[in-house]
Structures are given as structure tokens and as C-alpha cells.
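Below is one structure, written out as C-alpha cells, with a few remarks after it.
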Amino acid sequence: MSVAFRHAMIYQAIPSFKCKTGCFDCCGPVVFSEYERSRLTPEQAALVTLDAVVARLRAGQTTCVFASTAGCSIYDKRPYLCRLFGTSAEPKLTCRHGCGSGVKFSREQTAALTNEYEALLRESANVE
């Protein structure tokens with residue numbers, strides 16, 4: 001199976017929901033896989049390299065560069081962690097405003113899906 005297909009399968013497993021309008025409390029710096037970065041424009045992809053994210057963190061910037069009061073500017077192309085937030089019973093992935101999917105992944109289900117995603121990252125890193 002292709003990397004794109006495997007990403008799509010993982011994304012499909014995650015329930016969708018609506019966030020509170022104008023909220024980006026959970027939108028911190030996140031790591032994008034190479035595949036996730038490849039879906040962005042070159043200008044957008046340059047903003048989420050590991051070096052760029054670390055530089056922003058060192059400068060005290062802890063909000064995602066794609067977050068705005070209008071919402072996520074790359075919502076349809078957002079990475080795994082952004083998709084997972086609000087869909088899990090894992091406290092670190094729970095919205096403080098109560099937004100999220102009606103049915104939450106258990107901590108075990110969250111760990112299993114994350115392990116699958118991490119395996120995909122390792123495998124795709126070995127391919128390139």
C-alpha cells in the first residue's frame with residue numbers, strides 16, 4: 001500500500017467534529033510527516049520543517065502558524081495530531097471547551113492508532 005493510501009486509512013478512522021468558531025487553543029507546534037508536508041505548498045511546507053518549528057519555539061511562539069481567528073488555514077491538509085485532538089479520552093487530547101467527537105477513542109485505541117501512524121513514519125523514512 002502507498003504512503004498516501006495508508007495516511008488516508010488512518011485519517012478515515014478518526015471521527016470528525018466542529019471546533020468552536022475562532023478557537024485555536026489546541027493549535028500548537030506539531031510535527032508533520034514528509035507525506036503531510038508534501039501536500040502543502042512549498043511556502044507552507046517551509047514553515048513546518050523541524051528546524052522552523054524549533055526556531056519558533058525558542059522564540060516563544062507556541063501557536064501553529066496556520067491557526068487564525070478564521071480557523072485552520074490548512075484544515076483539509078492538517079496532520080495526524082491535529083485530526084486526533086478532540087477525538088480521544090486521553091486527557092492531553094481533550095478540548096477544554098468540550099468540543100470533540102461524540103464517541104471518543106479510549107486511551108488504548110488512541111495508542112494503537114498512534115502506533116500505526118508512527119510505524120508508517122518509520123517505514124516511509126526508510127524508503128526515502
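The values are calculated or read from the model by the stated rules, or taken from the named source; none is laboratory data. On a predicted model such as this, the values are computed, not experimentally measured, just so you know. Reconstructed Cβ throughout: ideal geometry from the backbone, glycine too, with neighbour counts over all protein chains shown.
Annotations for the structure displayed:
- Residues in region 42-79 that are in contact with a Gly (Cβ under 8 Å, 6 or more places away or on another chain) and among the basic types (K, R): 0 in all.
- Qualifying residue in region 41-64 (condition: closer than 27 Å to S2 by Cα and of a type in the set (K, R)): no
- Each residue in region 90-128 was checked for being assigned to a loop (DSSP other than H, G, I, E, B) and among the small types (G, A, S), and 5 pass.
- The single residue among F24, F17 that is crowded, with 16+ Cβ neighbours inside 10 Å and in contact (Cβ under 8 Å) with a residue 12 or more places away in the chain turns out to be F24.
- Listed by first and then second residue, the pairs linking a residue in region 69-84 that is without any contact (Cβ under 8 Å) to a residue 12 or more places away in the chain to a residue that is of a type in the set (G, A, S), with Cβ atoms under 7 Å apart and 6 or more places separating them unless they lie on different chains, form an empty list.
- Selected residue [surrounded by fewer than 16 Cβ atoms within 10 Å (Cβ to Cβ) and either outside any loop (DSSP other than H, G, I, E, B) or in contact with a Leu (Cβ under 6 Å, 6 or more places away or on another chain) (or both)] from A45, A55: A55
- Within region 64-81, the residues that satisfy the criterion of being part of a loop (DSSP other than H, G, I, E, B) and either within 14 Å of Y11 (Cβ to Cβ) or at pLDDT 90 or above (or both) are C64, V65, F66, S73, I74, R78, P79.
- Members of region 1-14 found to be in contact (Cβ under 8 Å) with a residue 12 or more places away in the chain and hydrophobic (A, V, I, L, M, F, W, C), listed by number: V3, A4, I10, A13, I14
- Residue in region 86-98 that is exposed (fewer than 13 other Cβ atoms within 10 Å of the Cβ) and closer than 21 Å to R122 by Cα present: no
- Hits in region 99-128 - residues which are among the aliphatic types (A, V, I, L, M) and surrounded by 10 or more Cβ atoms within 10 Å (Cβ to Cβ): A111, A112, L113, A119, L120, L121, A125
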